[in-house]
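**Student:** The structure is given below, and queries will be raised subsequently.
What follows draws every value from the coordinates through simple rules; no lab data is involved. Every value quoted in this text rests on a predicted model; they were computed, and no experiment measured them.
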């Protein structure tokens, strides 16, 4: 966030209370070059999960509102409880970022924690812990999310069958795909 550009805009949009972006940046980002990691809460989960279900015609305005909501939430969060949390070495974070990138582009392949651990030369327990710490979700959940998002796109944009789409996004059988899709979206893929 460019604080100098964002602060005047934020001040005109939020008039009831002042959110000082410089103060937020100092509180959350000066501890390390990666910012601060904190445990996911229900309020944080709600803010970010709603970002995936926005109609295209309102995305711009909706995202602006969500950014304000995030700033408001950050302004009331205490950093003292979070400063004691685990920190990760830059090398571990770099590896986890590479794992994230790999999953986001290769989700259609069979991916296991063990195979990622071998490929990226990081112990499985460290990989799982660091990935969850950096991204706030498990590797398994992120992989599933990538697959379901790709499947949603294919269901809307292609004339492939559900089984073909299931195979294209990394599911070996249609029933597991249908179950995962329904669990993630609340509806079946048909």
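**Student:** What would the Debye formula give as log10 I(q)/I(0) at q = 0.11, 0.14, 0.16, 0.21 Å⁻¹ for the alpha-carbon point model of the range 90-185, no solvent?
**Tutor:** Here the Debye-derived log intensity ratios amount to -0.34, -0.53, -0.67, -0.99.
**Student:** Among 94, 159, 20, which one shows the biggest mean-square fluctuation in a GNM of the chain, springs joining Cα atoms closer than 10 Å?
**Tutor:** The residue with the greatest mean-square fluctuation here is 159.
**Student:** How much mean residue ellipticity at 222 nm does the chain get from its helices, if each DSSP H run of length 4 or more adds -39500 (n - 2.57) and you divide by all residues, to the nearest 500 deg cm²/dmol?
**Tutor:** The helix contribution divided over the chain gives -20000 deg cm²/dmol.
**Student:** Give me Rg/Rg_expected for the chain, where Rg uses Cα atoms only and Rg_expected = 2.2 N^0.38 Å with N residues.
**Tutor:** 1.20
**Student:** Could I ask something else about it? Against the longest principal axis of the chain, how steep is helix 3-13, in degrees 0 to 90 to the nearest 10, with axes from Cα atoms?
**Tutor:** The answer is roughly 90 degrees.
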